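Take a look at the structure set out below.
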Amino acid sequence: MLCVCVATTTLANGTPAADTISIEKSNVKRSYRISLYPDANQKVVFFSVRGSEGKVYQLYVFDIEGKLVRQAETRNKETIVIKNINKGVYHFEVLSDDVHIGNGKIAVR
């Protein structure tokens, strides 16, 4: 399943500003629901996973060269905030107990 989310910053007068965060994601395991939602006004991404109770989920974010630039962890149904994302294109992986459950792309423009 592929999901695309886009958030654009708007100025107080309603006109679009320069910042846009887009997310494309795929769930590899259907028994999990990965949520990544952008907020371009605050330049953050919200991350959560719904799956098995008691599980821990890891989010790994890599730059275009494959360098790990962010790592975050959450528990089932908890939401965390990824802040201060620089402009660029990133690839992400979501794992639990070393099992790959999802991946995708984050673009900050």
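The requirement of being farther than 23 Å from Thr20 by Cβ, assigned to a strand (DSSP E or B) and charged (D, E, K, R) is fulfilled nowhere in the range 95-103; no residue meets it. For the range 31-66, a residue qualifies if it is free of Cβ contacts under 8 Å to residues at least 24 places away in the same chain and basic (Lys, Arg), and exactly one does: Arg33. Scanning the range 37-68 for residues being more than 13 Å from the chain's Cα centre (by Cα), surrounded by 14 or more Cβ atoms within 10 Å (Cβ to Cβ) and of a type in the set (A, V, I, L, M) gives a total of 0. State which residue is surrounded by the fewest Cβ atoms within 10 Å (Cβ to Cβ) when the search covers only the range 77-98 and only residues that are within 10 Å of the chain's Cα centre (by Cα) and either of a type in the set (Phe, Trp, Tyr) or over 17 Å from Val44 (Cα atoms) (or both). Filtering first and then ranking leaves Glu93.
Kindly state which strands (runs of 3 or more DSSP E) lie completely within the range 1-91 and contain at least 2 residues that are modelled with pLDDT under 85 and over 17 Å from Ile106 (Cβ atoms).
Values: elements: 2-10, 16-27, 33-39, 44-50, 56-62, 68-75, 79-82.
In the range 1-91, the matching strands (runs of 3 or more DSSP E) lie at 16-27.
Apart from one condition, Thr74 fits all of (1) surrounded by 14 or more Cβ atoms within 10 Å (Cβ to Cβ); (2) closer than 17 Å to Lys25 by Cα; the exception is (2).
The values are calculated or read from the model by the stated rules, or taken from the named source; none is laboratory data. All of these numbers come straight from a predicted model, not from anything done at the bench. With ideal geometry, Cβ positions are generated from the backbone for all residues, glycine too; neighbour counts draw on all protein chains shown.
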